[in-house]
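All of the numbers you see were taken from the coordinates with simple rules; none came from a lab. Please read these numbers as outputs of a predicted model, since none were measured by experiment. Here Cβ is always computed from backbone atoms with ideal geometry, including for glycine, and neighbour counts include all displayed protein chains.
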Amino acid sequence: MFALGLRQLQQALDQKANQVQHEFILASEQLEEVARKLLEAIPEDQERLKEQQRGLRARQQALADEVNNWRERARAVRSQPGEASLRTYLNELLKLDDPLLTPAIQHSLYLLDAPEEELAKLAGQETPSAITTPAGRLIQRSRTEFDLRGSDAGARQRAAIEFANRPGLAQKDEVIAEIEAAIEDPDPLVREIALLTMIQLHRFRCMRSADLDQAHASVQKLASLNHVTAIPSLIEILEKPRTGFVQTEQGSQEADNNRSRMVALLRLIEWHTPEAKMAVHKLQFDRDPNLVKTSRRALELFPDEWGGPLKATGPLPGVDDP
């Protein structure tokens, strides 16, 4: 398990080397261009071009040295003689304060200090044969894949959307339950992708499920979250009236989603962000008179700019504050 964490850090260090290698290639191309210009240059321009050539050669050498440094750091991760030496080395890398490296370094330090029972649990989750569900495989990826553990939060958002859009997954209660359970995970990046995925699964139900009772339960779930990533989904629900079916004593009957839109409206008023105000403002001309009345009343009560929640919203248990 710990070797997996170190491999992830090695991949991050190798990516740094690759980035610098790209800069080296660009400098080499510029050097070739200057050399070509020198062959055709008039005497008055030759000294300027030669100075530029010397500067590019110096930069090329510096970049080559930097590439070698990153490659050497990657090799050194796996060649430390003991735990104390490795811990010291990881803390030295942490001082680089590089956004690409920091998550991988922190994960390695976490694994180094994790109790044996936690490592055993994580190791069991890493066993491919033990991962039999789509949700389990997503959580596995969030522990091991470099792209999902980097500084680009967009990669985790894209993975969440892709997962929720896979045919049939959003309709399975067991899938949602498994994803929601991962919000309690000790790994912050696992918690983040679990939260993003849960929001996307409930959003899918809200917007596409013909069962409006099921959709309404998902709207209520999104409204209960104290996390700003739920706001875009609430706005989408508010802005898209639709019809479906609800269960009554007389059986299944056609209905609209206005009760769900009202839940979204009230929560957006509480969130009180500029995006929420824009959505509430658009609602003044809605077909539903209750939504119109509520939106106009909210804008009368709060005519100024909306700059944040009306009341304190604590963090969702197990999830970092936004």
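Summary of the geometry: the range 12-81 and the range 87-110, compared by the centres of their Cα atoms, lie 26 Å apart.
Exposure here means at most 13 other Cβ atoms within 10 Å; with GluC sites (Glu not before Pro) in a DSSP loop as sites, the longest stretch of the chain lacking them is 1-248. Take the Cα of Asn69, step 7 Å toward its Cβ, do the same at Met278, and the gap between the two points is 4.3 nm. Here each label is just a point 7 Å from Cα along the line to Cβ, and for Phe245 and Gln80 those points are 6.0 nm apart. Taking the empirical scaling 2.2 N^0.38 Å for compact globular proteins as reference, the range 1-119 has a Cα radius of gyration ratio of 1.53. Shown for the chain: lysine pairs separated by 8 or more places, or found on different chains, whose C-alpha atoms are under 26 Å apart, numbering 18. A straight chain from Asp213 to Glu92 at 0.36 nm per residue would run longer than the Cα-Cα distance by 38.1 nm.
Over the chain, the fraction of Cα-Cα pairs per 20 Å bin, rounded to whole percents and listed from the shortest bin up, is 24, 40, 27, 8, 0.
Here the calculated FRET efficiency for Gln253 and Glu145, from their Cβ-Cβ distance with R0 = 51 Å, stands at 0.65, rounded to the nearest 0.05.
Taking other C-beta atoms within 10 angstrom as a stand-in for reagent exposure, His216, His202, His281 fall in the order His281, His216, His202, fewest first. The slack between Thr102 and Lys50, meaning 0.36 nm per residue of separation minus the straight C-alpha distance, is 14.7 nm.
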